[in-house]
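In what follows, a structure is listed as structure tokens, so that the remarks can point back to it.
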Amino acid sequence: MEIFLEYLKTFLVGGAICAVGQVLIDYTKLTPARILVIFVVAGVVLGGLGLYQPLIDFAGAGATVPLTGFGALIAKGTMAAVRTDGLIGAISGGICAAGAGIGAAIIFGLIVALIFKPGDKM
Amino acid sequence: MKLTPKDYQGMADKAAPSTKSYITIPSAFVIGGAICMLGQAIQTLYITMGLERDIASSSTSVTLILLSALLTGLQVYDKIARYGGAGTLVPITGFANAMVSPALEFKSEGLVLGLGVKLFTIAGPVIVYGTAAGFVYGLIIFFFRLY
């Protein structure tokens, strides 16, 4: 029962964040690139204001998997780096925290793009 | 056959892909929510295996990115995206898809200016503005001693 509730919360919060993105696609002229930029920056702002961590505590991957979670991670890493390294942490903290995601996307992206053949666009 | 602009608009609407919000928004909700539940399952697995919470969380992102890159290479992710809309764009898997898809498509233009450049058509701005926002936040907490 508890596991069911945990996954329900993940589904509802993750789904709701994605639905916001769909509203932006349907009702504005924003392109996917702009929407992703908006979500990451919104995540940094919400994370910086301390509003995103409660959502992560509540919904787990429902909050960390959407790109807003990536933004919140940047804010969290910046905070940690400023604490330990001072001003230089403002420069390095965000990119360090995002490192696993960016690194994985570059490495796996490169490998897949090298191996696979481009398909027909529908 | 003569067409009034109104007839033409009707035909164009019929031919255009359906963007009815009462379909697209629930689909985005369900598919986005499902991807997050997959993430939750992977994260739970990693925590059960003994990984620390933060490490489990970033390992989950890495795993989802790997899956998404593979599914993009296999032409599966873009098929799901036709129904998922923002549900496949907003999760981290959409970020990975947005890197691999153009890189693959423009591979024929060369490994550097095709594949290498196109990996960053969408990831570039996301990383630039995410890092910039983090920097502004860092400056604020440093100078106002909020850390």
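The values are calculated or read from the model by the stated rules, or taken from the named source; none is laboratory data. Owing to the predicted nature of the structure, the values given are computational and were not obtained by experimental measurement. Positions of Cβ are generated from backbone atoms using ideal geometry, with glycine treated the same way; all protein chains shown enter the neighbour counts. For the accessible areas, the whole protein counts, side chains as well, though only heavy atoms, and no ligand, DNA or RNA atoms are used. Shrake-Rupley method; radii C 1.70, N 1.55, O 1.52, S 1.80 Å.
Here the stretch A:1-52 is the region considered, the condition is being within 12 Å of the chain's Cα centre (by Cα) and in contact (Cβ under 8 Å) with a residue 40 or more places away in the chain, and the residue that is farthest from B:G124 (Cα to Cα) is A:G14. Kindly evaluate A:T68 against the criterion of being of a type in the set (S, T, Y), more than 22 Å from B:T88 (Cβ to Cβ) and part of a helix (DSSP H, G or I). Spelling it out, it is not the case that A:T68 is of a type in the set (S, T, Y), more than 22 Å from B:T88 (Cβ to Cβ) and part of a helix (DSSP H, G or I). Would it be correct to say that B:P91 is free of Cβ contacts under 8 Å to residues at least 60 places away in the same chain and surrounded by 24 or more Cβ atoms within 10 Å (Cβ to Cβ)? Yes: the conditions hold for B:P91. I need the full set of residues from the stretch B:39-69 which are within 8 Å of chain A (Cβ to nearest Cβ), within 16 Å of B:L89 (Cα to Cα) and of a type outside the set (G, A, S), in order please. Passing the criteria: B:L64, B:I65, B:L66. Among the residues making up the stretch A:87-105, those that are surrounded by fewer than 22 Cβ atoms within 10 Å (Cβ to Cβ), more than 7 Å from chain B (Cβ to nearest Cβ) and under 20 Å from the mean Cα position of the chain (by Cα) are A:S92, A:C96, A:G99, A:G103. Exactly one residue among A:V45, A:V65, A:V112, A:V37 is touching a strand residue (DSSP E or B) at 6+ places or on another chain (Cβ under 7 Å) and either at the interface with chain B (Cβ under 7 Å from one of its Cβ atoms) or crowded, with 16+ Cβ neighbours inside 10 Å (or both), and that residue is A:V65. Scanning the stretch B:70-88 for residues that are facing another protein chain (nearest Cβ under 7 Å) and over 18 Å from A:V112 (Cα atoms) returns B:G85, B:A86, B:G87. For the stretch A:22-34, what are the residues that are surrounded by fewer than 21 Cβ atoms within 10 Å (Cβ to Cβ) and either closer than 13 Å to A:P66 by Cα or polar (S, T, N, Q) (or both)? Residues satisfying the conditions are A:T28, A:T31. Taken together, A:G47, A:G86, A:G119, A:G21 contain a single residue that is of a type outside the set (F, W, Y) and on the phi > 0 side of the Ramachandran plot, which is A:G86. Residues A:T78, A:T84: which one is polar (S, T, N, Q), facing chain B (nearest Cβ under 7 Å) and either surrounded by fewer than 24 Cβ atoms within 10 Å (Cβ to Cβ) or within 15 Å of B:A132 (Cβ to Cβ) (or both)? Answer to the check: A:T78.
Among the residues of the stretch B:44-56, is there at least one that is among the hydrophobic types (A, V, I, L, M, F, W, C) and buried (at least 18 other Cβ atoms within 10 Å of the Cβ)? Scanning the stretch B:44-56 turns up at least one residue that is among the hydrophobic types (A, V, I, L, M, F, W, C) and buried (at least 18 other Cβ atoms within 10 Å of the Cβ). For the criterion of being surrounded by 24 or more Cβ atoms within 10 Å (Cβ to Cβ), on the phi > 0 side of the Ramachandran plot and within 7 Å of chain A (Cβ to nearest Cβ), B:G130 fails.
Look at B:I141 and say whether it is under 18 Å from the mean Cα position of the chain (by Cα) and open to solvent by less than 40 Å² (accessible area, probe 1.4 Å). No.
When B:R53 is tested against (1) within 30 Å of B:T19 (Cβ to Cβ); (2) touching a helix residue (DSSP H, G or I) at 6+ places or on another chain (Cβ under 8 Å); (3) basic (K, R), exactly one condition is not met: (1). Looking at B:D78, B:D54 in this structure, which one is under 24 Å from B:L104 (Cβ atoms) and of a type in the set (D, E)? Result of the check over B:D78, B:D54: B:D78. Here A:F58 clears all of (1) open to solvent by 40 Å² or more (accessible area, probe 1.4 Å); (2) within 29 Å of B:G33 (Cβ to Cβ); (3) at the interface with chain B (Cβ under 8 Å from one of its Cβ atoms) except the condition numbered (3). Can you find even one residue in the stretch A:8-21 that is aromatic (F, W, Y), under 25 Å from B:I23 (Cβ atoms) and either touching a Leu at 6+ places or on another chain (Cβ under 9 Å) or surrounded by 24 or more Cβ atoms within 10 Å (Cβ to Cβ) (or both)? No - not one qualifying residue is present in the stretch A:8-21.
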